[in-house]
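Novice: Take this structure, written in structure tokens, and hold onto it; I'll ask about it next.
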Amino acid sequence: MSGASEAAPADRLAGLSRFTLVDAVLWGLRILVLAVVVGGTIGTLIKGRYAAAQWFDFVLFGLTIGSIYAQIALGYTMVYGVLRLINFAHGDIVMTGAFGGYFVAGALDRSGWLETHPVLAMIAILAVAMATSTAIAVLTERIAYRPFRRVVGLAPLICAIGVSFFLEQTFRGAFGSSVRSYPDPLWQRATFDIAGFHVPRIDVIVIGLALFFMAVLYVIVQRTKMGTAMRAVAEDGEAAALMGIDVNRVVVFTFTLGGAMAGIAGVFYAFLFKQVYFFMGFTPGIKAFGAAVLGGIGSIPGAMLGGFFLGLVESVGPALFLDGIGIPAPYQLRDLIAFTLLIMVLIFRPQGLLGERLARTRA
Amino acid sequence: MSLPVGLDDLLWTYQGLIQGVGLNGLLALSMYVVLAVGQLSLGQAAFMGLGAYTGALLSLRTGLPFALVLPASALVPAGFALAIGLPTLRLSGVYLAMATIGLGEVLRAVYLNADLFGGALGLSGIPERGGTALIYALLGLALLVLFLVGRSHVGRAMEAMRQDGTAAAVMGVDVRRYQLGALLAAAVLAGLAGALGAHVASFIGPGEYGFEPAVRILSFALLGGIGSPAGPVLGAAILTLLPEFLRGFADLRLVLNGLIIVVAVLFLPRGLLPWRMARRAA
């Protein structure tokens, strides 16, 4: 005990004056990342291996996948804002939505409706996906998260990890571990030609609808009574409860909004990659968490911004940074870039880009 | 079926299982030391993978004696733990948890794409070293050390941190140093388990060190409870042996891991072994 009590004042001094080991490690990491980014970019640009059309493709795909990350990140950030909980199972909520949409899409595909009535079919697919993921999100909150409402620390996060694993394995048990292919209607495969660039129609649909749904969500949170109550609970739960706000209803509403966005994101993700399987939610889920932290967790515009930023970096990054430092076939390294970005954000800027509120109240 | 089964055959048949119990026990202890200081790391599988790949590559490429390979396989994950832990331990526990998941995924992408690590095929033909006796010797040693540490003033400090980190810091416990020490110990234990596992299985692949094993390791520790180091080892033994008795329910096996975590935190916050270690009067 005595050794520990002696160390404390020395540590406080170290924070003020001395260059500590932590600082050394952090500076080493900063320099390494900067060297890869700058060196790689210069190398790639000198080599000039990529044409303008290829860069356009990278950016467009980045924005498309980024719009999906943004929608998923919204679920993390809203739940964190209201409950201070990292809903680790959110990626799997996305997966349940993709599965719900898959069964409708498959049935419509077999009957030919998906091809002949694209708008009606998409509405039906999205509605079922949103209903599925919302139901599971709300159920999860009721069963697994509500008992932890007043618990701080790691128990709620551990519980959420358990929920995540449970959902994955339940879907594996119910629908098998094989990858199922999503329907691929002709109208999604077509491309627009704009100023000599090929723009896949699916990209336009995904980005356009994602922006539309995010605008709807923003209006709900900013303009409706329930949205105002949500923001009040996020600001100060106890005070909101004293003012007569039904916190339970607000929490359920938050999970409903997040679940609905997750369902939409799941369908888009599945249409983009043309597959569904039980583990499909994990990678986009963790990446979207990174996007939410990047934007400042708890901040809704931050989550949207973070999602697009992460999508762009992981899509453009392999060609721009890694090709230049001589790494062959860098396209497979999108995940590497995304998760490295996640670690770097957690280390260097955990309060995020727009996260002053978090830094002020809970750092 | 009708052939008589001798004791040797029996041991040989169940050798993999017996080794599995020991290795999972080491991994459960690796999770225990982190949980015992009130932190959560989901990098145990990543540390195990680093140990496994380090050990396998050293054995395959250099022909170093196993007595040197094994410590090296513990040091490499410890280095990564230091790099991740130093910055993130200053923040709330969630950040370490998510950063360790990120580390696992980054490493998996590296194993999959770098020729050195054999890509998706992994590494095979790893020479057989160590074996059951060494696994259990190390497990016993780790248990003994953790038991002694738990009874010392360090153990008191750890428990204080787990209950309330701020209060512990106010009482003069250097919380961050203990947390970093615990993370390093966890990386060493997981690295040893990884290297030992690689040298008894003779094959390793990138899929074995992802998120799924990380969650399984967490469920070992939570089922057994973290009141004493014996809890996680018991949890690991139960969850390793249980599937052998539930062969018909292969699909349900992993659902069970998820359920155990949820049920354990909801209803059994102290695990199956709720008693705390006896300690000298403070």
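The values are calculated or read from the model by the stated rules, or taken from the named source; none is laboratory data. Please read these numbers as outputs of a predicted model, since none were measured by experiment. Cβ atoms come from the backbone with ideal geometry, glycine included; neighbour counts cover every protein chain shown. Calculation scope for accessible area: heavy atoms of the full protein, side chains included, ligands and nucleic acids excluded. Shrake-Rupley method; radii C 1.70, N 1.55, O 1.52, S 1.80 Å.
Novice: Can you name the helices of chain A, as whole DSSP H runs, whose Cα span along the helix axis is 24 Å or more and whose Kyte-Doolittle mean is not below -0.5?
Specialist: Helices passing the filter in chain A: A:21-47, A:52-83, A:90-111, A:118-140, A:155-175, A:201-223, A:247-273, A:300-317.
Novice: In segment B:124-228, which GluC sites (Glu not before Pro) are in a loop and have at most 16 other Cβ atoms within 10 Å, using DSSP for the loop call?
Specialist: Here the sparse-neighbourhood loop sites are B:128.
Novice: OK, next. For every helix of n ≥ 4 consecutive DSSP H residues, a contribution of -39,500 (n - 2.57) applies; sum these over chain B, divide by its total residues, and give [θ] at 222 nm rounded to the nearest 500 deg cm²/dmol.
Specialist: Calculated at 222 nm, the ellipticity per residue is -24000 deg cm²/dmol.
Novice: List the chymotrypsin sites (Phe, Trp or Tyr not before Pro) within segment B:67-154 that fall in a DSSP loop (any state other than H, G, I, E or B) and whose Cβ has at most 14 other Cβ atoms within 10 Å.
Specialist: Within segment B:67-154, no chymotrypsin sites (Phe, Trp or Tyr not before Pro) qualify (loop, at most 14 other Cβ atoms within 10 Å).
Novice: Using a 1.4 angstrom probe on the protein heavy atoms only, could you order B:73, A:177 from most to least accessible area?
Specialist: Largest accessible area first, the list is A:177, B:73.
Novice: Then there is this: Place +1 on the Cβ of every Lys and Arg and -1 on the Cβ of every Asp and Glu in segment B:23-208, take the dipole about the Cα centre, and give the residue among B:28, B:112, B:142 whose Cα lies farthest towards its positive end.
Specialist: My answer, from the dipole projection, is B:142.
Novice: Assign one of three labels to chain A, namely rounded, prolate or oblate, based on the Cα gyration tensor with a ≥ b ≥ c the square roots of its eigenvalues; rounded applies when a/c is under 1.5, prolate when it is not and a/b is larger than b/c, and oblate otherwise.
Specialist: Since a/c reaches 1.5 but b/c is at least a/b, the shape of chain A is classed as oblate.
Novice: Could you tell me which of rounded, prolate or oblate describes the protein assembly as shown, using a ≥ b ≥ c as the square roots of the eigenvalues of the alpha-carbon gyration tensor, with rounded for a/c under 1.5 and, failing that, prolate when a/b is larger than b/c and oblate otherwise?
Specialist: Verdict is rounded for the protein assembly as shown.
Novice: Which residue, A:234, A:292, A:98, tops the fluctuation ranking in a GNM of chain A built on C-alpha contacts under 10 Å?
Specialist: Its mean-square fluctuation being the largest, the pick is A:234.
Novice: May I pose another question? Find the centroid of the Cα atoms in segment A:225-263 and in segment A:58-97, then give the distance between the two in whole Å.
Specialist: 18
Novice: Along segment B:54-66, what does the Karplus equation 6.51 cos²θ - 1.76 cosθ + 1.60 (θ = phi - 60°) give for ³J(HN,Hα), rounded to whole Hz, x for Gly and Pro?
Specialist: Calculated HN-Hα couplings, in order: 4, x, 4, 5, 5, 5, 6, 9, 10, x, 4, x, 4 Hz.
Novice: So what's the angle, to the nearest 10 degrees on a 0 to 90 scale, between helix B:93-113 and the longest Cα principal axis of chain B?
Specialist: 20
Novice: Here's a follow-up. So how do A:287, A:274, A:47, A:225 rank on accessible area, 1.4 Å probe, biggest first, that is with the largest at the start?
Specialist: A:225, A:47, A:274, A:287
Novice: Another one. Would you mind calculating the relative contact order of chain A from Cα pairs under 8 angstrom and at least 6 residues apart, reporting the percent as a whole number?
Specialist: Once normalised by length, the contact order is 32 percent.
Novice: Now for a separate question. Determine which aspartates and glutamates satisfy two conditions relative to residue A:47: a Cα distance under 18 Å, and not lying fewer than 8 residues away in the same chain.
Specialist: A:323
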